[in-house]
Amino acid sequence: SSSLASSDKQFYATTPIFYVNAAPHIGHLHSQLLADVYTRYSRWRNPDKGAVMCTGTDEHGLKIQRVAEAQGIPPKKLCDGVSERFKDLARAANVDYQIFIRTTEERHGRAVEHVWRELDKRGYIYKSSYAGWYAVSDETYVPEDAVGEVIDPKSGEKYMVSTETGTRVEWMEEENYKFRLSAFREPLLEWLRSDASPVQPPPRADALLAELTRPGNTFLDDLSISRPASRLTWGISVPEDPGHTIYVWIDALVNYLTAAGYPWQGGEAFEKGKLWPPDLQVVGKDIIRFHALYLPAVLLALDLPLPKTLLTHGHWTMDSMKMSKSRGNVADPFEAMQFWGVDTIRMYLMWWGGNSGKDADYSTATIERFYKKDLEAQVGNLASRITTPKVLKKLESPELLWTMPTTIEEDDKKLLGLLQALPATYERHLATFRVDEAIQSVFDAVREANWHISHVQPWLKTTSPSAVHRALFFESETLRIAGILLQLIMPEKTKVLLDVLGVDPARRRFEDCEVGKGGERTPPTERVQVFPTVVAPGSATEEKG
Ligand code: ME8
């Protein structure tokens, strides 16, 4: 059951807030894009409701503190610089966010302190001591049974790593505050199992539930939520106890509340219920536990409504290794967009990494193949074929371009069927969070239209006027409907395409996707190349000359 259209309040989508230890990569862009696509979708389908997308940066914690120390700069300076790069990324990728949140902002500090005091007042915080492993790179405590010893092949040094992520862990022994996470075990399990299926896609919810119910699992044990200030200075102090700093994940998870105006003291725009709860939270599969357990537990403790959908996505890999800032095997999204164009990269990420549940391997060769075979040879080719003036002139009159033929031939039936079903198919895939399948359904129609035009051959002298009509009508309807539906994914390219086709900007709504109902338009006057030939650097094509 999808929650996408279910409430009256404004649609609210979030991305993780990203660590500022290094520049953004393709993986971060992927999360921003998913949130962008769904926010555009909500706005497009429910124009009166309003839709807000939030992204931002996670700036506190030991990891950032250490990177700043290593670079010999104050942490705030590191944060200011890298945070701007995440804004640049959204801007460059045409990600239409409304709120950008930084955890070093004063409003966020106030929200975090408020959450702490409320949890404390309600008896969910107690003082305790912790002795165990901590992974700085993941900013997380690691249970005893999830660490293992490795030996550095070069230096022979022995050290402990998290067996889940492979990152190094350190032994910590200290006094700190704990959150009574264990008190929420039953309500959390109930929520995860509920019909609303908050964790998407469902296999990831099943995996989490299986893990939680495994004997000896510690995910729902009480959680350390502070560090001694002697070790962690770069963070928000525990209210009334400056000897302790709030654990960075508690700090970070509150960002979604801060952005929605919590504790709702900022006037009407920040009333409780205006934005909260999020309709969609996009996260990578690496941080499911924090969003599916810790955040909901804190919300339950505060008596606040829980997010509707947690959309988890797989990882982009390079040569099958997770792209990661700490590891340094990353692809630069700015370079990729510069070379291939913003919409090509938007499409590539949403289609190839489109949440099938699998990881996807990123490479220039796969982008090139995708560009040539799908964008250039399918959409581009169809657009150029039906905008060729010589062919258009063969139409007996221009309005035939948007007028359904009175006789449908055997050869038209498959394409007509695909087009009639397409809007609903597309939406059904979006509702189940399969952006890849949604895009695929559009391309199935485009591919069929290319077959249709090759078969009818309107450019031949011998082709009858009615066959010319059928070809130009069906092919331009395909492009019109494909263009309207793909606006969410390729806002710029589809604008070019729909403009060339003469589609009225007021008639680019979902309701306009019906075959033959596109209305009058000015026929194209010159042949258009929406996806010109691009030669990738170092590609086989280039080498051949
Ligand atoms: O975890 N493929 O920040 P982070 C796809 N600050 N997506 C990827 C990816 C990859 N290879 N690598 C990263 C943090 N991502 C915390 C989050 S939220 C309250 C705090 C995306 O900078 C993906 O969404 O390590 C992943 O969950 C997120 O970036 C982690 O970014």
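The values are calculated or read from the model by the stated rules, or taken from the named source; none is laboratory data. Treat the numbers as computed from the prediction; the structure is a model and nothing was measured. Neighbour counts run over all protein chains shown; Cβ positions are idealised from the backbone, glycine included. Each accessible area value is taken on the protein alone, full model and side chains, heavy atoms only, with ligands, DNA and RNA left out. Shrake-Rupley method; radii C 1.70, N 1.55, O 1.52, S 1.80 Å.
Here are the numbers for this structure:
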| item | result |
| --- | --- |
| Candidate set: segment 144-191, residues that are among the aromatic types (Phe, Trp, Tyr) and outside any strand (DSSP E or B); chosen: the one most open to solvent (accessible area, probe 1.4 Å) | TRP191 |
| Tabulated pairs, segment 54-76, first at pLDDT 95 or above, second among the small types (Gly, Ala, Ser) and within 16 Å of the ligand (Cβ to nearest atom), C-beta under 6 angstrom, 6+ apart or interchain | CYS54/ALA259; THR57/SER83; ASP58/ALA252; HIS60/GLY235; PRO75/ALA68 |
| Within segment 297-326, considering residues that are closer than 21 Å to THR15 by Cβ, in a loop (DSSP other than H, G, I, E, B) and within 13 Å of the ligand (Cβ to nearest atom), the one farthest from the chain's Cα centre (by Cα) | SER326 |
| Cβ pairs under 7 Å, 6+ apart, first in segment 242-265 and more than 22 Å from LYS63 (Cβ to Cβ) and open to solvent by 10 Å² or more (accessible area, probe 1.4 Å), second among the β-branched types (Val, Ile, Thr) and within 10 Å of the ligand (Cβ to nearest atom) | none |
| Pairs with Cβ under 6 Å, 6+ apart, first in segment 92-112 and more than 23 Å from LEU29 (Cβ to Cβ), second open to solvent by 10 Å² or more (accessible area, probe 1.4 Å) | GLY109/ILE236; ALA111/TYR262; VAL112/ILE236 |
| Positions within segment 277-293 being surrounded by fewer than 24 Cβ atoms within 10 Å (Cβ to Cβ) and assigned to a loop (DSSP other than H, G, I, E, B), in sequence order | PRO277 |
| Residue within segment 219-227 that is among the small types (Gly, Ala, Ser) and open to solvent by 30 Å² or more (accessible area, probe 1.4 Å) present | no |
| Total residues in segment 341-382, condition assigned to a helix (DSSP H, G or I) and more than 16 Å from the ligand (Cβ to nearest atom) | 21 |
| Yes/no for ASP319 being of a type in the set (Asp, Glu), open to solvent by 50 Å² or more (accessible area, probe 1.4 Å) and under 22 Å from LEU430 (Cβ atoms) | no |
| In segment 116-131, residue surrounded by the fewest Cβ atoms within 10 Å (Cβ to Cβ) [restricted to those that are closer than 16 Å to SER224 by Cβ and in contact with a helix residue (DSSP H, G or I) (Cβ under 7 Å, 6 or more places away or on another chain)] | LEU119 |
| Selection within segment 338-353 - under 17 Å from the mean Cα position of the chain (by Cα) and either closer than 30 Å to SER194 by Cβ or open to solvent by 10 Å² or more (accessible area, probe 1.4 Å) (or both) | VAL342, MET350, TRP351, TRP352, GLY353 |
| Among (1) part of a helix (DSSP H, G or I); (2) open to solvent by less than 10 Å² (accessible area, probe 1.4 Å); (3) of a type outside the set (Gly, Ala, Ser); (4) within 11 Å of the ligand (Cβ to nearest atom), the one test that ASP36 misses | (4) |
| Filter result for the condition that a residue is in contact with a strand residue (DSSP E or B) (Cβ under 8 Å, 6 or more places away or on another chain) and crowded, with 16+ Cβ neighbours inside 10 Å, over PHE443, PHE433 | PHE433 |
| Qualifying residue in segment 192-213 (condition: assigned to a helix (DSSP H, G or I), in contact (Cβ under 8 Å) with a residue 12 or more places away in the chain and within 16 Å of the ligand (Cβ to nearest atom)) | yes |
| Scan of segment 67-89 for residues that are within 15 Å of the ligand (Cβ to nearest atom) and either over 22 Å from ARG107 (Cα atoms) or among the polar types (S, T, N, Q) (or both), ordered by number | VAL67, SER83, LEU89 |
| Residue within segment 225-245 that is within 15 Å of the ligand (Cβ to nearest atom), part of a helix (DSSP H, G or I), at pLDDT 95 or above and in contact with a strand residue (DSSP E or B) (Cβ under 8 Å, 6 or more places away or on another chain) present | no |
| Enumeration of residues in segment 283-311 that are over 17 Å from ILE125 (Cα atoms) and either among the basic types (Lys, Arg) or out of contact with any Leu (no Cβ under 9 Å at 6 or more places or on another chain) (or both) | GLY284, LYS285, ASP286, ILE287, ARG289, LYS308 |
| Qualifying residue in segment 62-79 (condition: farther than 28 Å from PHE179 by Cβ and touching a strand residue (DSSP E or B) at 6+ places or on another chain (Cβ under 8 Å)) | no |
| Residue list for segment 103-140, restricted to those being modelled with pLDDT under 95 and within 15 Å of the ligand (Cβ to nearest atom) | ALA135, VAL136, SER137, ASP138, GLU139, THR140 |
| Conditions (1) more than 33 Å from the chain's Cα centre (by Cα); (2) closer than 30 Å to ALA336 by Cα; (3) among the small types (Gly, Ala, Ser): number failed by SER363 | (1) |
| Candidates LEU488, LEU422, LEU418, filtered to the one that is crowded, with 20+ Cβ neighbours inside 10 Å and without any contact (Cβ under 8 Å) to a residue 40 or more places away in the chain | LEU418 |
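Okay, residues lined up against (1) in contact with a helix residue (DSSP H, G or I) (Cβ under 6 Å, 6 or more places away or on another chain); (2) crowded, with 22+ Cβ neighbours inside 10 Å; (3) of a type in the set (S, T, N, Q):
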{"site": "ALA365", "(1), (2), (3)": "no, no, no"}
{"site": "ASN381", "(1), (2), (3)": "no, no, yes"}
{"site": "PRO389", "(1), (2), (3)": "no, no, no"}
{"site": "LYS393", "(1), (2), (3)": "no, no, no"}
{"site": "THR407", "(1), (2), (3)": "no, no, yes"}
{"site": "TYR426", "(1), (2), (3)": "yes, yes, no"}
{"site": "ALA438", "(1), (2), (3)": "yes, yes, no"}
{"site": "TRP451", "(1), (2), (3)": "no, no, no"}
{"site": "LEU460", "(1), (2), (3)": "no, no, no"}
